[in-house]
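Everything on this sheet refers to the single structure shown next.
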Amino acid sequence: MNAGLEFFSREEFAATTIQAYFKGHLARRAFRALKSVIKLQALVRGMCVRRQARIALHCMHALTRLQITIRARQLLCN
């Protein structure tokens, strides 16, 4: 009877070990997926910021050109 109990304990220990390794595998896979999502999110945010900066720079150049035109007209009228 003691031998049967010992065998069950080894089997239980083996099952627990396998489950622990599998849970670790799932956790690492989930972590890699999360890391990939974070990288993608950073990429998209960077693209949005660069686009906003490009639009702002374009508007600043347009305002500068408008300012030059207005000042030139003022000089010609005076």
Subject >> Convex hull of Cα atoms in the chain, direction-averaged projection (nm²) >> reply: 5.8
Subject >> Difference of contour (0.36 nm per residue) and Cα-Cα distance, ILE55 to THR17 >> reply: 8.0 nm
Original post:
Once every DSSP H run of n ≥ 4 in the chain is given -39500 (n - 2.57) and the sum is divided by its residues, what mean residue ellipticity at 222 nm do you get, rounded to the nearest 500 deg cm²/dmol?
Top reply: -37000 deg cm²/dmol
**OP:** Can you find, among GLN52, SER36, THR16, the residue farthest towards the positive end of the dipole of the chain? Put +1 on the C-beta of Lys and Arg, -1 on that of Asp and Glu.
**Re:** GLN52
Original post:
Karplus couplings for segment 15-27 from phi (6.51 cos²θ - 1.76 cosθ + 1.60, θ = phi - 60°), rounded to Hz, Gly and Pro as x?
Top reply: 5, 5, 5, 4, 4, 5, 5, 5, 4, x, 4, 5, 5
**OP:** Please identify, among ALA30, ALA42, ALA62, the residue showing maximal mean-square fluctuation in a Gaussian network model of the chain using a 10 angstrom Cα cutoff.
**Re:** ALA62
Original post:
Of LEU66, LEU57, LEU26, which is the most mobile in a GNM of the chain whose springs link Cα atoms less than 10 angstrom apart?
Top reply: LEU66
Original post:
Magnitude of the Cβ-charge dipole of the chain, K/R +1 and D/E -1, about the Cα centre, nearest 20 debye?
Top reply: 980
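Just so you know, all these numbers are worked out from the coordinates, no wet-lab data involved. As the structure is a prediction and not an experimental result, all values here were calculated from the model. We place every Cβ from the backbone using ideal geometry, glycine too, and count neighbours over all the protein chains shown.
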